[in-house]
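The values are calculated or read from the model by the stated rules, or taken from the named source; none is laboratory data. Quick caveat: nothing in here was measured; it's all calculated off a predicted structure. Neighbour counts run over all protein chains shown; Cβ positions are idealised from the backbone, glycine included. Ligands, DNA and RNA are excluded from the accessible area calculation, which covers all protein heavy atoms including side chains. Shrake-Rupley method; radii C 1.70, N 1.55, O 1.52, S 1.80 Å.
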Amino acid sequence: MQKIFILCISLFSLYGFGQNKLDVFFDFNKDVPNEASQIKINQWVLDNKSAEIIKVLGYTDSVDDSKYNKDLAMRRVNSMVEFFNKNSIKVSDKVALKSFGEDFKYSKNQSENRKVEVFYNLIKEKNPDTKNVQTIPDGPFGRGRVKEATALETKEEEDILEVADKVTLVEEERSALESKFDKAKKGDIVRINNINFYFNSERVMDESLPLLDELLDIMMNNPKLSIEIHGHICCNPNPNDTKLSYRRALVILKYLTKYGVDVKRLAFRGYGSSDPIYKIPERNLKERAANRRVEILIVNK
């Protein structure tokens, strides 16, 4: 029995499974890691390419009230999730995200309370293939990563480049957007067509930026409007692969908050290819473009 137990432990270690924790610290009232932690997590990315994030917990110091602190802690959690996604660190589809206001045991040293705890597993990579790789844009805190380009993503790139040439479509959608929001009621979905992204990336194509400007204007001119941003992708037969759509929805949220929209009015979700307008695999460019979309749920108006 003892030999069997030792053998199981050895196999468990061999395949690289095991929960680990990374602590990331923040300056007062900030939702981006402090300089020392940015250096730390950039090195962590290089050393832990096979990590899978399973839980992210956010904390703050005891300054301000519990609700504000809980919101700040969640922004810190979202900041880290964004960082991992941008650097192609796998985030589990069942990842646990939680923020704490004043409902945890405080350290006497306030700087130790301004943190995010990241729990992750390490899974040993099997026969990594370095063929057909390309560099994707850098994450918000530094280094980019290398990721394999799949046939589906290449198809998406070809479609986007063709659609992006039709700037007229963007202008037509921009003109129609205000009317769509005016007519929409609480609980309605507003579909924004022709927001396109660079290949295998959450970076919005230049041709589509006027649509984000229009959405920003609508949010600023309607201060009671609260929305949830939904990201969708095309072409992928795995409906559970939501990471890219999640990152694309998040980048729209970040764009709005950067230019003055209160984050409390915003939420976001990534649906991957789980809710297509047209059945996957799509039959043509038109169907792929329709499935690859951004939708806005009207939460409050």
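Numerical summary
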{"read-out": "Residues satisfying the stated conditions in the stretch 259-301, i.e. among the polar types (S, T, N, Q) and surrounded by fewer than 16 Cβ atoms within 10 Å (Cβ to Cβ)", "value": "284, 300"}
{"read-out": "Count of the stretch 181-201 residues which are touching a strand residue (DSSP E or B) at 6+ places or on another chain (Cβ under 9 Å) and either under 18 Å from residue 289 (Cβ atoms) or among the aliphatic types (A, V, I, L, M) (or both)", "value": "12"}
{"read-out": "Enumeration of residues in the stretch 259-279 that are free of Cβ contacts under 8 Å to residues at least 40 places away in the same chain and not small (Gly, Ala, Ser)", "value": "262, 277, 278, 279"}
{"read-out": "All positions within the stretch 63-77 that are open to solvent by 40 Å² or more (accessible area, probe 1.4 Å) and either under 20 Å from residue 243 (Cα atoms) or assigned to a helix (DSSP H, G or I) (or both)", "value": "66, 67, 68, 70, 71, 74, 75"}
{"read-out": "Residue pairs meeting the criteria (Cβ under 6 Å; at least 6 apart or on separate chains; first under 12 Å from residue 84 (Cα atoms), in the stretch 49-71; second in a helix (DSSP H, G or I) and open to solvent by less than 30 Å² (accessible area, probe 1.4 Å))", "value": "53/84; 56/77; 56/80"}
{"read-out": "Any strands (runs of 3 or more DSSP E) falling wholly within the stretch 224-301 and containing at least 1 residues that are modelled with pLDDT of 85 or more, within 21 Å of residue 84 (Cα to Cα) and basic (Lys, Arg)", "value": "266-270"}
{"read-out": "Test: residue 256 is out of contact with any Phe, Trp or Tyr (no Cβ under 8 Å at 6 or more places or on another chain), touching a residue at least 24 places away in the same chain (Cβ under 8 Å) and open to solvent by less than 40 Å² (accessible area, probe 1.4 Å)", "value": "yes"}
{"read-out": "Tally, over the stretch 20-62, of residues that are closer than 18 Å to residue 78 by Cβ, in a loop (DSSP other than H, G, I, E, B) and touching a Leu at 6+ places or on another chain (Cβ under 9 Å)", "value": "4"}
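One line per residue, one yes/no per condition, for (1) surrounded by 14 or more Cβ atoms within 10 Å (Cβ to Cβ); (2) modelled with pLDDT of 85 or more; (3) not aromatic (Phe, Trp, Tyr):
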{"residue": "41", "(1), (2), (3)": "yes, yes, yes"}
{"residue": "50", "(1), (2), (3)": "yes, yes, yes"}
{"residue": "84", "(1), (2), (3)": "yes, yes, no"}
{"residue": "112", "(1), (2), (3)": "no, yes, yes"}
